[in-house]
Amino acid sequence: MENEYNKTIKDVIYEYYIVRDEGPSVTARELDIPRRAVLHFIYEYNLRPLKHKNIKKKVMTTYNNLRAAQ
């Protein structure tokens with residue numbers, strides 16, 4: 001996979017899971033690897049806290065936008 005994308009596995013998983021905001025199942029499907037492998041790398045590289053931080057940011061942005069629209 002590293003040769004195919006010219007990136008480290010960490011960077012590839014980060015791209016799909018964090019930047020593109022895909023879940024483990026979609027990331028696995030897109031990369032054509034088992035979901036368990038994606039979950040392994042998510043935990044191995046401690047990406048879960050980043051994902052949750054992004055979710056909180058999105059929720060707050062949406063909430064603030066809704067408040068401003070009222």
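How many of the residues in the stretch 54-70 are under 11 Å from the mean Cα position of the chain (by Cα) and either farther than 27 Å from GLU2 by Cβ or free of Cβ contacts under 8 Å to residues at least 24 places away in the same chain (or both)? Count: 1.
Scanning the stretch 1-10 for residues that are part of a helix (DSSP H, G or I) and surrounded by 13 or more Cβ atoms within 10 Å (Cβ to Cβ) yields ILE9, LYS10. Within the stretch 25-38, being farther than 21 Å from ASN6 by Cα and surrounded by 11 or more Cβ atoms within 10 Å (Cβ to Cβ) holds for SER25, ARG35. Which of the residues belonging to the stretch 11-23 are of a type outside the set (A, V, I, L, M), touching an Asp or Glu at 6+ places or on another chain (Cβ under 8 Å) and in a helix (DSSP H, G or I)? Across the stretch 11-23, the qualifying residue is only TYR16.
Every read-out reported here was derived from the displayed coordinates using simple, explicitly stated rules and does not represent laboratory data. Note that this is a predicted model, so its numbers are computed, not measured. Quick reminder, even Gly has a Cβ in these numbers, built from the backbone with ideal geometry, and neighbours come from all protein chains shown.
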